[in-house]
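**Q** Mind looking over this structure? Questions follow.
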Amino acid sequence: MVSDAVAVGVLTFIGTASATLTGLWQWRRVQAREQRAEFRVQRVEALKAVWEALSDLEEAQRASILVVEYDAQDATERLTQVNLLLLRRSPFLRPDEQEWATAFARHVTEIDTVLRTQMEDGRPDASWWITSAIQPASSHVASVAAQQLRNLRTTLGDRYAAVVRGDSE
């Protein structure tokens, strides 16, 4: 038969091993939870930075329409900064969010380009507003881009709000 000392030793070893394994399992769960929380914080920060950069880009493009001396270099630099931000923050953005942000920047640029092609003497050509029967061909391109921009703004804003609330990963 097995002596009592051996039985106690085996049971002690089993108890110690199970307690150690349970502690290790709980520690790994805590580590995983902390990593998820840290990733979520970085994801919220990434979405915030992208949202602010896109809003700033749109605001700057809108304000630049009223400026007589347009600085194309400045506009290109703003767009480049948005694209670089999207690249830097891509690990924290979903593919659809990256696509929406890229499309947003593209539509802002497209609208700006269409408006600038219709300018006369540094001012937007408003002569076609006199009669709606004669509109420039580019007005359709600008209106489609504006509608898509509005939809993207809503979509990105809803996703950003959902992530901040914790409703979406």
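**Q** Do we have ALA101 as modelled with pLDDT of 80 or more and either among the aliphatic types (A, V, I, L, M) or surrounded by fewer than 15 Cβ atoms within 10 Å (Cβ to Cβ) (or both) here?
**A** Against the criterion (modelled with pLDDT of 80 or more and either among the aliphatic types (A, V, I, L, M) or surrounded by fewer than 15 Cβ atoms within 10 Å (Cβ to Cβ) (or both)), ALA101 qualifies.
**Q** Pairs only if they're at least six apart or on different chains, beta carbon under 7 angstrom, first in segment 1-25 and surrounded by fewer than 10 Cβ atoms within 10 Å (Cβ to Cβ), second assigned to a helix (DSSP H, G or I); list them, first residue then second.
**A** Qualifying pairs under 7 Å: none.
**Q** Select, from GLU69, GLU59, the only residue that is assigned to a loop (DSSP other than H, G, I, E, B) and out of contact with any Lys or Arg (no Cβ under 6 Å at 6 or more places or on another chain).
**A** Values: GLU59 fails: assigned to a loop (DSSP other than H, G, I, E, B).
Testing whether each residue is assigned to a loop (DSSP other than H, G, I, E, B) and out of contact with any Lys or Arg (no Cβ under 6 Å at 6 or more places or on another chain) leaves just GLU69.
The values are calculated or read from the model by the stated rules, or taken from the named source; none is laboratory data. Predicted model, so just to flag it, every value in this text is computed and none were measured. In this analysis, Cβ positions are derived from the backbone assuming ideal geometry, glycine residues included, and neighbour counts consider all displayed protein chains.
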